[in-house]
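Values quoted throughout were computed directly from the atomic coordinates according to the rules given, and no laboratory measurement underlies them. Model, not experiment: these values are computed from the prediction. Every residue, glycine as well, gets a Cβ built from its backbone with ideal geometry; the counts of neighbours run over all protein chains shown.
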Amino acid sequence: MVPISTPHNDHNTRLRTALSAPNSSIRLRAALAAGTTPDPGFVGVLVERCAIEPDFFVRDMLTWALTRHPAELTVPALLTELHSDTAQARSQSLHTLSKIADRNLWRSIPRSLLHDADDDVARAAWRTAVVLVPPDEVNDLAGELITELGRGDRDVKRSLSRALIALSDAISPYLRTATTSTDPAVRAHARATERLLADPESEFAITADDAKRIVNAGNAMQDE
């Protein structure tokens with residue numbers, strides 16, 4: 001790995017170079033070193049790399065490295081990234097903020113991210129929201145998240161269901177209403193979430209009957 005224990009400006013240059021290496025192991029070690037020996041100058045470089053790093057494990061190490069730096073330096077940079085045009089910048093910043101887990105940040109998170117067009121961003125926003133939401137706003141969050149029922153593939157649906165059940169009792173009345181929705185995808189997702197709420201250790205699953213109804217509804221729409 002390129003050494004990063006040099007004078008300040010050279011520190012940043014060497015870290016940036018190491019984080020740009022073609023070999024993901026070099027990038028991983030660079031992120032680990034940046035978190036092991038934090039330096040205020042590293043924050044901008046780490047946040048910058050979060051937006052473009054292709055490897056999941058390196059991204060997770062970048063998040064860990066950022067959490068090792070003072071929040072007064074990392075949080076402003078991360079909040080700025082929430083408005084980026086790059087989806088990964090938004091999702092990774094949300095992920096890092098969830099690890100910092102400061103509920104004082106709640107009002108700084110745009111509610112629009114809960115409904116972001118990019119599934120990865122929305123999933124990160126759901127996970128972050130249930131970590132940061134203050135007790136007196138849990139019901140409002142439940143009302144926001146319930147509108148996403150029926151969205152996406154199995155992984156997206158499971159992520160939403162996990163976020164919903166993290167809200168515990170607040171979500172139950174919303175789920176009961178959703179099970180009577182005219183949209184079969186919403187009904188099926190709501191039922192699957194109710195089952196998960198009753199048994200959080202169980203697997204998320206749409207029943208065969210519900211899946212058939214969703215397919216039939218889709219076919220009917222195509223025929224119109």
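Modelled spin labels at Ala205 and Asn23, positioned 7 Å past Cα toward Cβ, are 4.5 nm from each other. Summary value for the stretch 90-173: 30 percent relative contact order, contacts being C-alpha pairs under 8 angstrom separated by 6+ residues.
Once you keep just the Cα pairs under 8 angstrom separated by 6 or more residues, what percentage relative contact order results for the stretch 1-132?
For the stretch 1-132, the relative contact order is 18 percent.
Think of the stretch 165-206 as a dipole: +1 on every Lys or Arg Cβ, -1 on every Asp or Glu Cβ, centred on the Cα centre; then among Leu196, Leu167, Ala185, Ala185 lies furthest on the positive end.
Over the chain, DSSP H runs of length four or greater, each weighted -39,500 (n - 2.57), average out per residue to a 222 nm ellipticity of -20000 deg cm²/dmol. Here the residues Thr180, Thr37, ranked from fewest to most Cβ neighbours within 10 Å of their Cβ, fall in the order Thr180, Thr37.
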